[in-house]
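Notes for the one structure printed next.
The values are calculated or read from the model by the stated rules, or taken from the named source; none is laboratory data. Since we're looking at a predicted model, the values are computed, not measured. Neighbour counts are summed over all protein chains in view; Cβ atoms, including those assigned to glycine, are modelled from backbone coordinates with ideal geometry. Accessible surface areas use protein heavy atoms only, side chains included; no ligands, DNA or RNA. Shrake-Rupley method; radii C 1.70, N 1.55, O 1.52, S 1.80 Å.
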Amino acid sequence: MPELSYGSHFFQDLVETGIFYVAIFDGQKDVVFNPNRVKEKTNVLSQIVPRSEKYTNIIHIAKTKDMEIFSDIVSQHLLCK
């Protein structure tokens, strides 16, 4: 499990701005992760951060208005469709 106290201010900033974050443990039993669902969308990093083109192979920011996330934090189940 990730230790959220390392950088808790960062995570609090995400919550306060309405950004949902999640840790995905790809390769573990019952985890199905399809990163291409996001990667196939246009990377808008350079539109947000000028002169960031050299990072587009590392950071991918996509508009995902057609995606929905359903999360049950008690059972630790997450579904993105």
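Per-structure values
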{"quantity": "Residues satisfying the stated conditions in the range 48-68, i.e. open to solvent by less than 90 Å² (accessible area, probe 1.4 Å) and not hydroxyl-bearing (Ser, Thr, Tyr)", "calculated": "Val49, Ile59, His60, Ile61, Ala62, Met67"}
{"quantity": "Residue selected from the range 1-11 under the condition open to solvent by less than 90 Å² (accessible area, probe 1.4 Å) and farther than 19 Å from Cys80 by Cβ, by the criterion modelled with the highest pLDDT", "calculated": "Phe11"}
{"quantity": "Residues satisfying the stated conditions in the range 66-81, i.e. closer than 26 Å to Thr42 by Cβ and free of Cβ contacts under 8 Å to residues at least 12 places away in the same chain", "calculated": "Asp66, Phe70, Leu79"}
{"quantity": "Residues (in contact with a Ser or Thr (Cβ under 8 Å, 6 or more places away or on another chain) and open to solvent by 100 Å² or more (accessible area, probe 1.4 Å)) located in the range 69-78", "calculated": "His77"}
{"quantity": "Leading residue by the ranking (nearest to Lys81 (Cα to Cα)) among those in the range 17-47 that are loosely packed, with under 12 Cβ neighbours inside 10 Å and small (Gly, Ala, Ser)", "calculated": "Ala23"}
